[in-house]
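First comes the structure, then the notes that go with it.
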Amino acid sequence: MARQLKVYFFVTLVLSFLGARLHATETLGWQDLLPDLDSPAALDDSVPWGERIRTDLNKKAVRIPGFIVPLEYDEQTVTSFLLVPYFGACIHEPPPPPNQTVYAIYEPGHEMDAMWQPVWVEGKIYTTRVEGELATASYSINAEKIELYE
């Protein structure tokens, strides 16, 4: 009986750990959105480097830092935006390449204090191209959480 109980707890512990790993959020940096230089996507000469993406990221839970460029907002609450790697992108400077731009939707709305404040955006990322007036994004994210970058 004691042996069965030990086996039960061991199996439960392993399954809990695996379940947590399957649903874990992966923290990305902007370089992580680029394909590896030796991947088939990097070798495709018909696609400009700035438009090459990592299809393996599609539908993954991720967390990525960046700056918000508001697209849809009222007063200070932003519901859709571009997430970009540096301040001033798309407004004061030319936009980053599409594979360094993420189109984001955050249904509850994010209260912005200042545009120069970097944030963490967490949610499911998709390899969906979105073309807009300010920029083209090769990725999109359904944001579930936005918090200040610290």
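List of remarks:
- Check on G88, surrounded by fewer than 18 Cβ atoms within 10 Å (Cβ to Cβ), on the phi > 0 side of the Ramachandran plot and modelled with pLDDT under 90: yes
- Looking only at the stretch 64-121, and only at residues there that are acidic (D, E) and under 15 Å from S140 (Cβ atoms), the one that is farthest from the chain's Cα centre (by Cα): E72
A quick yes/no check of all residues on (1) touching a Gly at 6+ places or on another chain (Cβ under 9 Å); (2) on the phi > 0 side of the Ramachandran plot; (3) modelled with pLDDT under 95:
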| residue | (1), (2), (3) |
| --- | --- |
| P98 | yes, no, no |
| E107 | no, no, yes |
| E111 | no, no, yes |
| W116 | yes, no, yes |
| V119 | yes, no, no |
| V130 | no, no, no |
| N142 | yes, no, no |
| K145 | yes, no, no |
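- Count of the stretch 111-150 residues which are in contact with a helix residue (DSSP H, G or I) (Cβ under 8 Å, 6 or more places away or on another chain) and either within 15 Å of R52 (Cα to Cα) or without any contact (Cβ under 8 Å) to a residue 12 or more places away in the chain (or both): 6
- Of all the residues in the stretch 129-144, those that are exposed (fewer than 14 other Cβ atoms within 10 Å of the Cβ) and under 14 Å from A104 (Cβ atoms) number 1.
- When the test is whether a residue is over 30 Å from D113 (Cα atoms), modelled with pLDDT of 55 or more and surrounded by 10 or more Cβ atoms within 10 Å (Cβ to Cβ), S16 does not pass it.
- In the set (1) at pLDDT 90 or above; (2) in contact with a Ser or Thr (Cβ under 8 Å, 6 or more places away or on another chain), W30 fails one condition alone, (2).
- Within the stretch 56-85, the set of residues being buried (at least 21 other Cβ atoms within 10 Å of the Cβ) and either out of contact with any helix residue (DSSP H, G or I) (no Cβ under 8 Å at 6 or more places or on another chain) or among the β-branched types (V, I, T) (or both) comprises I64, F67, I68, V69, V78, F81, L82, L83, V84.
- Filter result for the condition that a residue is over 15 Å from T128 (Cα atoms) and of a type in the set (S, T, Y), over T79, T101: T79
- Just one of the listed residues (P70, P95) is under 26 Å from V47 (Cα atoms) and touching a residue at least 40 places away in the same chain (Cβ under 8 Å), namely P95.
The values are calculated or read from the model by the stated rules, or taken from the named source; none is laboratory data. Since we're looking at a predicted model, the values are computed, not measured. In this analysis, Cβ positions are derived from the backbone assuming ideal geometry, glycine residues included, and neighbour counts consider all displayed protein chains.
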